[in-house]
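A.B. asks: The structure's right below; bear with me while I get my questions together.
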Amino acid sequence: MNTLIRNARAIFFAPESSSPNTAAGNKSQQAAGDIRIRDGLICEIGTQLLPADDEQIIDATGCVVWPGLVNTHHHLAQSVLKGVPEGLNQALGDWLGSVPYRFWPKISPQLMYHAARLGLYELLRSGATTCADHHYLYHAGSSPEVEDAVWAAADELGIRLVLCRGSATVQGSHKGMLKHGIQPESVELLMQRMERSYRQYHQAGDNAMRRLVVAPTSLVHSATADDLRTLAAWARERQLKLHSHLLEVSFDDIQAQEKYGQRAIDYAASCDWLGNDVWFAHLVKSDEYTIQQLAASGTGIAHCPTSNCRLGSGIAPALAMENAGMNITLGVDGSASAESGSMIQELNLAWLLHRAVNGADATHAEQIIRWGSHNGAQLLGLNNCGDIAVGKAADLVLYDIGSPRFAGVHSEVIAPLLCAEPVSVKYSLINGRVVVNNGQVCGLDEAELVAEVRAGVADLLRSAG
C-alpha cells in the first residue's frame with residue numbers, strides 16, 4: 001500500500017560523510033516530520049503533508065525515524081546456540097570446536113528455519129531491515145534444504161537477505177572441522193551447488209530483496225589458493241560480491257606465514273581476494289600495513305564489536321581504517337558469540353569502545369548511525385537503500401521514544417543509540433511494506449517461535465551427545 005508517515009518527533013538524515021568532523025550535529029534532523037511512500041519508494045518529505053485517498057496512515061507521534069539498519073555479517077544458525085556452557089569462557093579457536101562446529105552438521109532444515117526466524121526477528125525488533133547472513137552449514141553430504149530454509153524465513157518476514165554462501169573445500173588448520181571430522185565439499189560440488197543458488201535466488205539491482213555472495217568460511221583455513229581464485233573468478237563473472245573472515249585473531253597471520261610464506265593480507269591479494277567488491281568480517285589484528293592494503297584496494301570491513309569483546313579477540317582499528325578511506329560497516333555476527341542479536345547493541349558498543357581507547361571525541365553518534373545504515377547498504381551494493389531521501393527505497397524504522405527512559409534525552413533523534421537496548425520499534429517498513437506493525441513483527445507468532453526453538457534445541461542436544 002501507499003503510505004504516509006505523519007507527526008514524527010524527528011527524522012535522521014545522515015551526514016554527507018561519516019567522519020566525526022562532518023558528523024558533529026545533525027542540523028537537518030528536525031526539518032520534517034512526515035514521509036510519503038509510493039510504490040515502495042520515498043516520494044516526499046515534509047511537514048503537515050495531506051493524506052491521499054489511497055494511502056494508509058502511520059501515526060509516528062512519539063517516534064523518531066531512522067533509515068533501516070544494515071547488518072553486514074551474521075550467522076543466523078547460531079541463534080539456537082546461545083550461551084553454550086562449554087564455550088562461555090573460551091577464545092575463538094577453542095570456542096569454534098565447542099560451539100558452532102560441534103552442532104552445525106546436525107542442524108536440520110526445520111531447525112535452521114526456526115533459527116533463521118529467531119535471528120531475523122531479533123534484527124527486526126532492533127531496527128535492522130537488511131541482513132547479510134554468512135551461512136556456512138555445508139559439507140560433503142549436506143542438503144540444499146538447509147539453505148532453502150534461510151531464504152524461506154527471510155521471505156516470510158519481508159526482510160532483505162544477502163546470503164553469503166560459506167564453504168570449506170579443505171579441513172586445513174581449522175580446529176573445529178578437524179575436531180569433529182567434518183568432510184568438506186569438493187570445489188566441483190561447491191560450484192554446482194552455488195550455481196543452483198544463484199539461478200534460483202539471486203536478484204540484481206540497487207533495490208534487490210535477495211542477493212547471493214561468494215563467501216568461503218575462512219580465507220586462510222578453509223580453501224586452497226587455487227580454489228579461492230576459482231571462486232573469485234566465478235563471482236566476478238556474475239557480478240557477485242565476495243566475503244569472508246580475516247584476521248579476527250593473530251592465528252590467520254601465523255598460518256599464512258607457515259603455509260604460504262606470506263602475511264594474511266598479502267595472501268588475500270595473491271588469491272584475488274582484495275577489491276571494492278570484497279569485504280571481510282572482523283579484521284581485528286590489522287596493523288598499518290594491512291590497513292594500507294585494504295584501503296588502497298577498496299576492500300571493506302564488517303566491524304563486529306560485541307562478538308570481538310565476547311571472545312576476547314580485541315577491537316578492530318575501525319577509526320584508523322576510516323581515516324585511510326575504508327568503508328566501515330557493522331555486523332552482529334552470530335548469536336553464539338553476540339547473544340543479544342541486536343544491531344542497536346552493535347551501534348552503541350561501537351560508539352563507546354573507540355571512545356574508551358581514543359578519547360571522548362573519537363566517535364560521534366551520527367557517524368556510527370551512518371556506519372550502520374548508509375555504509376552497509378553501499379557495501380552490499382544496495383545503492384538505493386540506507387538513507388532517508390526522495391527516490392530512495394522506503395526502508396524505515398520508527399523507534400518509539402515515548403517511554404520514561406527516553407524522557408530526559410535532549411538529543412532525541414539519536415536517543416536509540418545513546419540509551420541502547422531495550423529499544424522499542426513501533427513500525428518498520430521495507431520497500432514500503434510494513435514488517436513491524438505497532439511493535440509486533442508481522443508473520444510471526446512469538447509464543448510459537450519460542451516453543452519451536454526450545455523443542456529444536458532439545459533435539460539438537462540429544463543428537464550431539
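A.B. asks: Only one residue in Q48, Q56 is modelled with pLDDT of 95 or more, surrounded by fewer than 22 Cβ atoms within 10 Å (Cβ to Cβ) and of a type outside the set (G, A, S). Which one? Give the steps one after another, and end with the answer.
C.D. replies: Details: Q48 fails: modelled with pLDDT of 95 or more.
Q56 is the lone residue from the list that is modelled with pLDDT of 95 or more, surrounded by fewer than 22 Cβ atoms within 10 Å (Cβ to Cβ) and of a type outside the set (G, A, S).
A.B. asks: Quick test of your reading of the structure: S373 fulfils all but one of (1) touching a helix residue (DSSP H, G or I) at 6+ places or on another chain (Cβ under 8 Å); (2) within 27 Å of N7 (Cα to Cα); (3) buried (at least 19 other Cβ atoms within 10 Å of the Cβ); (4) hydroxyl-bearing (S, T, Y). Name the failing condition by number.
C.D. replies: (1)
A.B. asks: Within region 376-418, track down each residue that is surrounded by 24 or more Cβ atoms within 10 Å (Cβ to Cβ), touching a Ser or Thr at 6+ places or on another chain (Cβ under 6 Å) and not small (G, A, S).
C.D. replies: L379, D395, V397, listed by residue number.
A.B. asks: Tell me whether region 158-165 contains one or more residues that are in contact (Cβ under 8 Å) with a residue 60 or more places away in the chain, under 18 Å from the mean Cα position of the chain (by Cα) and within 30 Å of D253 (Cα to Cα).
C.D. replies: Filtering region 158-165 down to residues in contact (Cβ under 8 Å) with a residue 60 or more places away in the chain leaves 158-160, 162, 164.
Add one more test, that the residue is under 18 Å from the mean Cα position of the chain (by Cα), and what stays is 158-160, 162, 164.
With the extra rule that they be within 30 Å of D253 (Cα to Cα), the set shrinks to 162, 164.
Yes, region 158-165 has at least one match.
A.B. asks: Can you tell me how many residues within region 346-363 are surrounded by fewer than 22 Cβ atoms within 10 Å (Cβ to Cβ) and not in a helix (DSSP H, G or I)?
C.D. replies: Total meeting the criteria: 4.
A.B. asks: Quick check on L274: is it in a loop (DSSP other than H, G, I, E, B) and within 30 Å of N383 (Cα to Cα)?
C.D. replies: yes
A.B. asks: Filtering region 178-226 down to residues that are of a type outside the set (A, V, I, L, M, F, W, C) and touching a Phe, Trp or Tyr at 6+ places or on another chain (Cβ under 8 Å), which residue is farthest from D148 (Cα to Cα)? It would help to see each step written out before you state the result.
C.D. replies: Filtering region 178-226 down to residues of a type outside the set (A, V, I, L, M, F, W, C) leaves 179-181, 183-186, 188, 192-193, 195-203, 205-207, 210-211, 216-218, 221-222, 224, 226.
Pick out the ones that are also touching a Phe, Trp or Tyr at 6+ places or on another chain (Cβ under 8 Å) and you get 179-180, 185, 193, 201, 210, 217.
Details: K179: 27, H180: 25, E185: 18, R193: 12, Y201: 9, R210: 12, T217: 19 Å.
By that ranking, first place goes to K179.
A.B. asks: Inside region 213-261, can you point out the residues that are buried (at least 22 other Cβ atoms within 10 Å of the Cβ) and assigned to a loop (DSSP other than H, G, I, E, B)?
C.D. replies: A215, P216, T217, L219, V220, H221, S222, A223, L240, K241, L247, E248
A.B. asks: Across region 187-212, which residue is farthest from E258 (Cα to Cα) among those that are in a helix (DSSP H, G or I) and among the polar types (S, T, N, Q)? Show your work before the answer.
C.D. replies: Applying the first criterion (in a helix (DSSP H, G or I)) to region 187-212 yields 187-201.
If we keep only those that are among the polar types (S, T, N, Q) too, we end up with 192, 197, 200.
On the way: Q192: 32, S197: 35, Q200: 40 Å.
Looking at residues that are in a helix (DSSP H, G or I) and among the polar types (S, T, N, Q), I get Q200.
A.B. asks: With the requirement that a residue be touching a Pro at 6+ places or on another chain (Cβ under 6 Å) and closer than 25 Å to R9 by Cα, what does region 353-398 give you?
C.D. replies: Pass one, region 353-398, residues touching a Pro at 6+ places or on another chain (Cβ under 6 Å): 353, 364, 366-367, 373, 386-388.
Once the filter is applied, which keeps residues that are touching a Pro at 6+ places or on another chain (Cβ under 6 Å) and closer than 25 Å to R9 by Cα, region 353-398 yields H364, E366, Q367, S373, G386, D387, I388.
A.B. asks: Would you please name the residue that is surrounded by the most Cβ atoms within 10 Å (Cβ to Cβ), looking only at residues in region 262-281 that are touching a residue at least 40 places away in the same chain (Cβ under 8 Å) and under 18 Å from the mean Cα position of the chain (by Cα)? Can you show your working first?
C.D. replies: Residues of region 262-281 touching a residue at least 40 places away in the same chain (Cβ under 8 Å): 264, 267-268, 270-273, 277, 279-281.
Now drop any that are not under 18 Å from the mean Cα position of the chain (by Cα), which leaves 277, 279-281.
Working: D277: 20, W279: 31, F280: 25, A281: 29.
It comes out as W279.
The values are calculated or read from the model by the stated rules, or taken from the named source; none is laboratory data. Remember, predicted model here, so these are calculated numbers, not experimental data. FYI the Cβ positions are ideal-geometry reconstructions off the backbone, even for glycines, and counts take in every protein chain you see.
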